[in-house]
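Derivation of every value follows stated rules applied to the coordinates shown; laboratory data play no part. Here the structure is a predicted model, which means the values were calculated and not measured. Reconstructed Cβ throughout: ideal geometry from the backbone, glycine too, with neighbour counts over all protein chains shown.
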């Protein structure tokens, strides 16, 4: 009897130790890029995500990074189980999801004017589509799974001289191109500009220091990066979105329980309006005189150039055609009368 009692005691202790071990294993780390760090809006959203996932039985510990490249490298090296960063960086893990952040892909143009609310609705519907159970397989590429997408805002052309007000005026101008997004340099060269390699962490320094004449950035970056210095007295922000940027969450699928990806994506769908409020507040904070209104004929011209570039770049394998096909269907549901909606070019 004493032997049996001891055996039961040992088994109980072993089970307790196993429970502790499983509890420790349940903690997953997520590398979170926020250019402001742990006090930034993106990191705050990540904190609420961690709370929500805890309710789903998964503990997510957050690590803040102000350098996006380091966050990505540590995730790829296995030092983090998940990553939250801009789609320009996460595209390498899933080309379909990364296709949202392509030139003009979600921009809705009607009668020579950009319909910004409709453009954001296109983004919303694409995010909902990619987050649906029917698209679950598209969100997995190799060992990686997209665990959520939310908007960062329209990327507006910011110039140091308002005289740069047409495609022709871009000829010979130095324009920042994110060095890890091949499409940007291709687009700049297409319009006759000179691409200057940059990344998110030195973009403002190059613009504010006069090394480049133009950058593309969301209004959320305007105050934190002090971009008014780069605009100076002669510059401005053209009210024409080159694309709408997103943040994306990437999961190392093996590190999370089955079905977690869908729960994670559902959470970020529910956060879309919160992200939009941040974007709208940032838009409203730009001094009225800073905006450059774009003439209808220029809007049509820019939109056509973006589309031609998008098709050309996709044809060269830089953009994901499957993702673009989904986005085009959503965009054309908003503007079915547009000529592009009867053309299969982006689906080839």
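A few comments on the model shown:
- Residue-span extension gain [residue 338 to residue 270] - 0.36 nm each, minus C-alpha spacing: 21.4 nm
- Secondary structure note: in the chain, about 60% of the DSSP beta bridges are antiparallel.
- Hull volume in cubic angstrom per residue (convex hull over the Cα atoms of the stretch 234-285): 118
- Rounded to 10°, Cα long-axis angle of helix 41-55 versus longest principal axis of the chain: 30
- With respect to the chain, whose longest principal axis is taken over its alpha-carbon atoms, helix 2-25 is tilted by about 10°.
- Between residue 171 and residue 300, the simple spin-label model (points 7 angstrom out along Cα→Cβ) gives 2.3 nm.
- Semi-axes of the equivalent ellipsoid of the chain are 42, 22, 17 Å, computed as sqrt(5λ) over the eigenvalues of the C-alpha gyration tensor in descending order.
- Packing-based ranking, highest mean first, of 295-301, 170-176 given that Cβ atoms within 10 Å are counted: 170-176, 295-301
- Nearest 10 degrees, 0 to 90: helix 296-315 Cα axis against the chain principal axis: 50
- Fully extending the segment from residue 321 to residue 205 would add 38.3 nm, taking 0.36 nm per residue of separation and subtracting the current Cα-Cα distance.
- FRET efficiency for the pair residue 140 and residue 233, taken as 1/(1 + (r/R0)^6) with r the Cβ-Cβ distance and R0 = 51 Å, rounds to 0.50.
- Additional length obtainable on full extension of the chain from residue 61 to residue 180, 0.36 nm per residue less Cα span: 40.1 nm
- A quarter of the convex hull surface defined by the alpha-carbon atoms of the stretch 45-157 gives 8.6 nm² as the mean projection.
- Rotationally averaged projected area of the stretch 232-344 (alpha carbon convex hull; nm²): 10.9
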